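Colleague: Here it is, the structure, as structure tokens.
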Amino acid sequence: MSLLELKGVTLSFAGSKVLDGVDFSVPAGHIVSLIGPNGAGKTSLFNCITGFYKPQQGSIQLAGTEMLKLKPHQVTQLGIARTFQNVRLFREMTVLENVMSGQHSRTRAGVIDAILRLPSQRREEAEIRQVAEECLSFVGIIEGWEREATTLPYGWQRRVEIARALATKPRLLLLDEPAAGLTSGEKEELIDLIRRIRNERDVCILLIEHDTGLVMRLSERISVLDHGVMIAEGTPKEIQSNQRVIEAYLGVEEDALDL
Amino acid sequence: MSIFDIFTNQLLNGIVLGSFYALVALGYTMVFGVVKLLNFAHGELYMVGGFAGFLVLSFLAPYLGPGWLGVAVSMVLAMIAVGFLGVVIERVAYAPMLSAPRLSILITALAVSLVLQNGMLTLTKGQYVPFGAALGFGGIKLGNLFISYNQMILVGVAAVLMLALELFVSRTQYGRAMRAVSVDKDMARLMGINVNAVIGITFFVGSALAAAAGSMAGAYYGSLWYFMGFLIGLKAFTAAVIGGIGSIPGAMLGGLILGLLESFGTQLPGVGSEWKDVFSFSVLILVLVFKPTGLLGKPEQERM
Amino acid sequence: MRNVMKTAAGLALAIVLGVPAMAQDTLTIGIMVPTTGSEATYGQDMANAVNLAIGEINAAGGVLGKQLTSTIGDDGCDAQLAVNAASKLAASGVVGVVGGYCSGATVPTLKIYGDAKIPLIIPAANSTKLIPENPGNAFMINSTGNDQVAKAIEYFNGKGVKKIAIINQGDAYSQDLADLTKKNWEAAGTTVTDIEVTNKRGPYYSAVVTAITSANPDAVFWTAYYADGGLLIRQLRERGYQGLIAVGDGSNSPELFKIAGPAAEGVIAFSNPTAEFLPEAKAFAEAYQKQFGAAPGPYSTLSYDAMKLLAWALNTAGTTDSAKVIETLQGANFTDSISGPISFTPEKTLARSNFVVLEGKGGAWTLAQ
Amino acid sequence: MAQFPERPSAWGGLATLLDTPQKRYAAIAVILVAMAVAPYVFGSYGTVILTNALLYVLLALGLNIVVGYAGLLDLGFAAFFAVGAYTVGITTLHFGLNFWLALPLAILLAIIAGIVIGAPTLRLRSDYLAIVTLGFGEIVRITARNLRETGGASGLIGIDSPWLFGWHIRTPLDFYYVFCVLAILGVIASVRLANSRLGRAWLYVRHDEDAAEAMGINRVKVKLAAYIVGAIYGSIGGAFFAANLGAISPESFSFRQSVLILMAVILGGMGKIPGVILGAFIVILAPELLRDFGDLRLLIFAVGLLLIMLFRPSGIWPARSKSR
């Protein structure tokens, strides 16, 4: 059974089609990668899934619930979390506060609770904190929680961002180029982390990545997007030998040479 | 007067008023377009422009007379003077602030406007100053509609200035540089554009237009006052936003629309002069609710 | 940082505490008028006149054998600032206060002067709403709106005016006057074609002018101040309005002619007696012009009289004890004033209307008829 | 990790200065005693302007939630101030309502006003929001000027001062203490909000709307909450303002007023409570201390303001603690 199911998703900006009838699915319990040359529309697809872009046509369902009309925060409430291509942590806020943001949609306390410090509010605060701490520990950040998040080394920031996404208690986690800018040692840790997220927390993973080695080792299924069209789908082995995929990548390289 | 006469009269009133608003709104919009700053001191530049025009005219009147020639020359000189004042204000008060939080620049702009306003209060002791122009009352009568030469010249000058600005921005090298800076400052810098010079020119032109409006208003209405910039600043800001802040044609359109709204609002039963500002502001809010970037504003960039 | 704050706090303390310390051989008069903000023009006129009077009083030997000095409390025509100003004046030991221009800003200060038992002479603010708030120490020497409206209606009736348009500026004074006029005018069975409100601070009256002329009234009554009134009159005449134009006492300044130019010819003003046309006030007008380089403003005469009245009351009471001074004022029959004799009703308003009708002729006000 | 800067909190570094409970209690005690004795030190005039400054502390704290926490530029804050003042004025004068019954009504109306103007417009970019709020402020002021119920331009006169358990809150000294209590409550509420789920959400939305939404935060709802809390502060301030002066008129709720409150927020240091308090004291006390300069005082004030902004663009209160 598929956790996420996209059918005929079409997105255009000012007349030009970025996504053209994309059919795509993420089977439950899998680690799936979305690859494709630059400008293929991978991040746009992420943005469609998470509600930031509104596709003109098609359907996007999470476990049978239609999400096409939902706003980003509603998508998150349904159980999809994401990271961003260029890390977007909240400036001027601590690591812990950053991760606490994930719990917002899972908690209730409002103005009056906060001003009166009702017992329920204090309990909830403790819970938010505890979840955040647990998520941070899970991604391997066990100290420096009071530091301003954007002052951390880059590799740490990536992990804080993943912890923040985990704090939303997702069913599906979208990672947008999680390995970009990481050292090879950090990449190994990342592979390990992603596997642990799936295995220990039962979260399905969909990632965009350019590092093909990492993708081949990690993914159980791979989908290939080129010029807004889904051109292949299969196991890493199948994709490696797929003629259209090779052409798509070679084609890009030729273009690159022309420059 | 018949309904038709009232209509044409208010149309004319709206156009004259709208020309003022548009001229002042242009400065707002240009500065916003280039440095993304709401220059709250802009209305005060209009006021200072009026006083500068008055000062020049009182020197020139013995030679050129207090008629249109004298007024025209003093307007041009006032524009140059206030243009430089605008540049100085930018250099002294805004340039050091460009990396500061945006709200801080806003307060700086408010502080500049208070300095200009209260400086003029001190200089004039709060008195109204008669402008001293003698423009006559002649005009053309078309049925029940009377258009004075003053009004014609005023609208004409405003139109010429706006046209010149449009040509300046679309046809000249400086104009292109200005547009480049407004789109992306860093990219413009990489392309070899002297961004500081462009910002300076923008302030010069914007302030000069405000001064033109100020001295024309002084000549046309006959008196000056240190507080006169406040309301028009507010109105011009409104006009710029209705049209889409950052858009030059938008400012012109916004100015005209606001002028017409006020004129017809004054005449409308149930609105009247009592409620006309409420009427205009309500229209403004409605416009923004349905067209969040103003009438001619560029649609907001795709998020992410 | 801490040190800076300490210094600042110390400085603040020093300034606040430093105020009441003053020499014993002078008496201080408080002047509460707006000298900043949109009404600064009128406030300056009033403060000038009070200071002119003080100069003359001092030259003539002062009050109770002491010289007078003045301190200005700027109320900015704003209730909050007025309360601050009044508190400061009250705390700085003034023997009396002359002031009150904006009715709205004057009202909340009455309580403060009342609690401090300081005699207050109000030369300008004349809203009828001041009367019930008066704790008993405030005296209004400007006729109230009722008197002015009575005069105006009498005049309009005499001229056979049937339809009238009233224009105010949306402030307490001009709106009060406009509303009173409308009420009394309609009670007499005549019509008000139009009530218009213009923005202060904006010279753009063309739309209002069209709205007025399209209703074709016999007379236009401007109830607000001269600066904007001058502009309106200009635009009315420029757009070909032929009927009668009348203005209230806020527009009785000769400055009106500078702004309106020839358009002010034949304009009627209902006014408290101003300086220029009163023979006995000629000296005042000249002295004022000489000292301040401008003609007196609409409330300069009354402010001058208010100061003279206060000095008289202090001298007559023979003490600065406020209860005695207030008692003296209540029983005053003060004739040494240029705007006519001053005595008070039990409500502490002027006992008789001193309104006159003026007409603009040759760039100056003259008595009408 | 101590060498890394701590992020600026609502306390703006005060927490590191007062790092032990003893120091904190001592500071609180000093402040409370200072507040209690101030009227006797500064005299009646000092009491009046301190009361005024405390009112502005309350208003600025409210606007700080909108501007400093949620990052929404509001140029029409005086409108909520007016709603509070006029509700109390009209209901006590025309309907003979008790002040303490009028107060919740004022808060309710401010909430409604906040929703009516905020709901359709909070999606707008901040510059557009600025003009919408400015327009709204003017609409409220002009409406107050034109309606008969609000007393027109003369406003309402003779608003009764309230009784509290047999205590007639009447003299300037009474009101000084009332405003002390209000300001303290305002500070407590502000701090508690800043350290709550909602307070963090305001910061998330202010720093990165997209990331905040991706974390499941409904940005419109969160902004609206900030707007409403700000409105409540404003209307409470307005209600007590009306009771204190006994007379209100539309001029007290002009654009100038909104600007003054905004200045207090930004001048001291947006988002930082000690900064906001400092800002409120400056905008009120500075012109008063400069009174002896007559009509020059606003010019001096404006030049001073300009210099402060040029030399401390992020506000007077230090952005970060000194201990690094």
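The values are calculated or read from the model by the stated rules, or taken from the named source; none is laboratory data. For clarity, every value in this text was computed on a predicted model and none was experimentally measured. Backbone-built Cβ (ideal geometry, glycine too); neighbour counts: all protein chains shown. These accessible areas exclude ligands, DNA and RNA; they are computed on the full protein's heavy atoms, side chains included. Shrake-Rupley method; radii C 1.70, N 1.55, O 1.52, S 1.80 Å.
Colleague: So for the stretch D:10-135, averaging the separation of alpha carbon pairs under 8 Å that are six or more residues apart and normalising by length, what relative contact order in percent results?
Modeller: For the stretch D:10-135, the relative contact order is 22 percent.
Colleague: Can you tell me the dipole magnitude for the stretch D:48-254 around its Cα centre, using point charges on the Cβ only (Lys, Arg +1; Asp, Glu -1), in Debye to the nearest 20?
Modeller: Charge dipole, the stretch D:48-254, about its Cα centre: 280 debye, nearest 20.
Colleague: Here's a follow-up. Can you compute the charge dipole magnitude of the stretch A:92-168 about its Cα centre, using +1 on each Lys and Arg Cβ and -1 on each Asp and Glu Cβ, nothing else charged? Give it in debye, rounded to the nearest 20.
Modeller: 200
Colleague: Right, here's the next one. Against the longest principal axis of chain A, how steep is helix A:243-258, in degrees 0 to 90 to the nearest 10, with axes from Cα atoms?
Modeller: 90
Colleague: For Cα pairs less than 8 Å apart in space and 6+ apart in sequence, what is the mean separation divided by the residue count of chain A, i.e. the relative contact order in percent?
Modeller: Relative contact order for chain A comes out at 26 percent.
Colleague: Continuing with the same structure: Taking only Cα atoms, what is the 0 to 90° angle, nearest 10, from helix C:226-238's long axis to the longest principal axis of chain C?
Modeller: The angle comes out at about 10 degrees.
Colleague: Could you tell me the calculated FRET efficiency between B:Phe290 and C:Glu280, based on Cβ-Cβ distance and R0 = 41 angstrom, to the nearest 0.05?
Modeller: The computed FRET efficiency comes out at 0.05.
Colleague: Hey, another quick one. With θ taken as phi - 60° and the coefficients 6.51, -1.76 and 1.60, list the Karplus ³J(HN,Hα) couplings across the stretch A:56-65 in order, rounded to whole Hz; mark glycine and proline as x.
Modeller: For the stretch A:56-65, the Karplus curve yields 6, 9, x, 9, 10, 10, 10, 6, x, 9 Hz.
Colleague: Take every DSSP beta bridge with both residues inside chain A and express the antiparallel ones as a percent of the total, to the nearest 5.
Modeller: 55
Colleague: Okay, moving on. Hey, what do the phi angles of the stretch D:149-159 turn into as Karplus ³J(HN,Hα) couplings, whole Hz, using 6.51/-1.76/1.60 and θ = phi - 60°, x for Gly and Pro?
Modeller: Here the 3J(HN,Hα) series is 4, 8, x, x, 5, 6, x, 9, 10, x, 6 Hz.
Colleague: Oh, and also: What residue among A:Val18, A:Pro178, A:Ala163 has its Cα farthest toward the positive end of the dipole of chain A, where the charges are +1 on Lys, Arg and -1 on Asp, Glu, each on the Cβ?
Modeller: The listed residue farthest towards the positive side: A:Ala163.
Colleague: Then there's this: Rounded to whole Hz and in sequence order, give me ³J(HN,Hα) for the stretch B:140-150 from the Karplus expression 6.51 cos²θ - 1.76 cosθ + 1.60, θ = phi - 60°, writing x for Gly and Pro.
Modeller: Taking θ as phi minus 60°, the curve returns 10, 10, 10, x, 8, 9, 10, 10, 7, 4, 4 Hz for the stretch B:140-150.
Colleague: Measure nothing fancy, just the Cα-based angle from helix C:172-187's long axis to the longest principal axis of chain C, in degrees from 0 to 90, nearest 10.
Modeller: 40
Colleague: If you place +1 on the Cβ of every Lys and Arg, -1 on the Cβ of every Asp and Glu, and leave all else neutral, what size is the dipole of chain A about its Cα centre, to the nearest 20 Debye?
Modeller: 1000
Colleague: Sticking with this structure for a sec: Can you list the DSSP H helices in chain D whose Cα atoms extend at least 24 Å along the helix axis and whose mean Kyte-Doolittle hydropathy is -1.0 or higher?
Modeller: Those that clear 24 Å and a mean of -1.0 are D:21-64, D:99-121, D:126-146, D:172-194, D:219-245.
Colleague: Let me ask you something else. Just tell me which aspartates and glutamates come within less than 13 Å, Cα to Cα, of C:Lys111; anything on the same chain fewer than 8 places away is out.
Modeller: C:Glu133, D:Asp160
Colleague: May I pose another question? Of D:Ala110, D:Val48, D:Phe253, which is farthest on the positive side of the dipole of the stretch D:48-254, counting Cα position, with +1 on Lys and Arg Cβ, -1 on Asp and Glu Cβ, and the Cα centre as origin?
Modeller: So the residue furthest toward the plus end is D:Ala110.
Colleague: Still on this structure: Please give the FRET efficiency for C:Gln330 paired with D:Val41, using the beta carbon to beta carbon distance and R0 = 56 Å, rounded to the nearest 0.05.
Modeller: In this case the efficiency is close to 0.90.
Colleague: Nearest 0.05, what FRET efficiency do C:Leu64 and C:Ala323 give at R0 = 22 Å with Cβ-Cβ as r?
Modeller: Once the sixth-power term is evaluated, E becomes 0.85.
Colleague: Given a 1.4 Å probe and no ligands, DNA or RNA in the count, how much accessible surface is buried by A and D, both sides, to the nearest 100 Å²?
Modeller: Protein heavy atoms only, the A-D interface buries about 3500 Å².
Colleague: If you count only protein heavy atoms with a 1.4 Å probe, what accessible area per residue comes out for the stretch C:146-271, rounded to a whole Å²?
Modeller: Using a 1.4 Å probe on heavy atoms only, each residue of the stretch C:146-271 averages 27 Å².
Colleague: A follow-up question, please. Using a probe of 1.4 angstrom, how much of the accessible area of the stretch C:146-271 is carbon and sulfur, in percent?
Modeller: The nonpolar share, carbon plus sulfur, comes to 47 percent.
Colleague: Right, something else. Using only DSSP helix segments of four residues or longer, with each worth -39500 (n - 2.57), what per-residue ellipticity at 222 nm results for chain D after dividing by its residue count and rounding to 500?
Modeller: -23500 deg cm²/dmol
Colleague: From the protein chains alone at 1.4 Å, what is the descending order of accessible area for C:Arg239, A:Arg147, A:Arg195, largest first?
Modeller: Listed by decreasing accessible area, they come as A:Arg195, C:Arg239, A:Arg147.
Colleague: For the interface of chains D and C, what total accessible area is buried with a 1.4 Å probe, rounded to the nearest 100 Å²?
Modeller: The summed interface area works out to 3400 Å².
Colleague: For A:Asp202 paired with D:His94, estimate the spin-label separation in nm (one decimal), with each label point 7 Å from Cα along the Cα-to-Cβ line.
Modeller: Roughly 6.2 nm, to one decimal.
Colleague: In addition: Could you compute how much accessible area chains B and A hide from each other, both sides summed, with a 1.4 Å probe? Nearest 100 Å² is fine.
Modeller: Summing both sides, the interface buries roughly 400 Å².
Colleague: Then there's this: Could you pull out every residue, at least 5 positions away or on a different chain, whose amide H is within less than 5 Å of the one on B:Leu296? Hs are placed 1.01 Å off N in the peptide plane, and Pro or chain starts have none.
Modeller: Result for B:Leu296 returns B:Gly244.
Colleague: At 0.36 nm per residue, and after removing the present C-alpha to C-alpha distance, how many nm does the segment from B:Leu11 to B:Val195 gain when stretched out fully?
Modeller: 62.1 nm
Colleague: Next question, about the same structure. Taking a cut-off of 20 Å between Cα atoms, list the aspartates and glutamates near A:Lys71, but don't count ones fewer than 8 places away on the same chain.
Modeller: Candidates past the 8-residue exclusion: A:Glu5, A:Asp176, B:Glu300, B:Glu302, D:Asp208, D:Glu209, D:Asp210, D:Glu213.
Colleague: Whenever you get a sec, compute what percent of the accessible area on the stretch B:71-200 sits on carbon and sulfur atoms (1.4 Å probe).
Modeller: 69
Colleague: How much mean residue ellipticity at 222 nm does chain A get from its helices, if each DSSP H run of length 4 or more adds -39500 (n - 2.57) and you divide by all residues, to the nearest 500 deg cm²/dmol?
Modeller: Dividing the helical sum by the residues of chain A leaves -12000 deg cm²/dmol.
Colleague: By a straight-distance test (C-alpha under 16 Å), which lysines pair with C:Lys361 as possible cross-link partners, with residues fewer than eight away in the same chain excluded?
Modeller: Within reach: C:Lys258.
Colleague: What longest range of chain B stays clear of loop-exposed GluC sites (Glu not before Pro) (DSSP non-H/G/I/E/B, at most 13 other C-beta within 10 angstrom)?
Modeller: B:1-299
Colleague: So with the 1.4 Å probe, I'd like the accessible area per residue for chain A, rounded to whole Å².
Modeller: So chain A comes to 43 Å² accessible per residue, rounded to a whole number.
Colleague: Which residue fluctuates most in the GNM of chain C (Cα springs below 10 Å): C:Ala211, C:Ala79, C:Ala263?
Modeller: C:Ala211
Colleague: Could you please state how large a percent of the accessible area of the stretch D:48-254 is carbon and sulfur, counting protein chains only and using a 1.4 Å probe?
Modeller: The computed percentage sits at 68.
Colleague: Something else: Can you flag which of A:Lys169/D:Lys221; A:Lys169/D:Lys223; C:Lys66/C:Lys88; B:Lys125/B:Lys276; C:Lys151/C:Lys348 are past 30 Å Cα-Cα?
Modeller: Violating the 30 Å limit, Cα to Cα: B:Lys125/B:Lys276.
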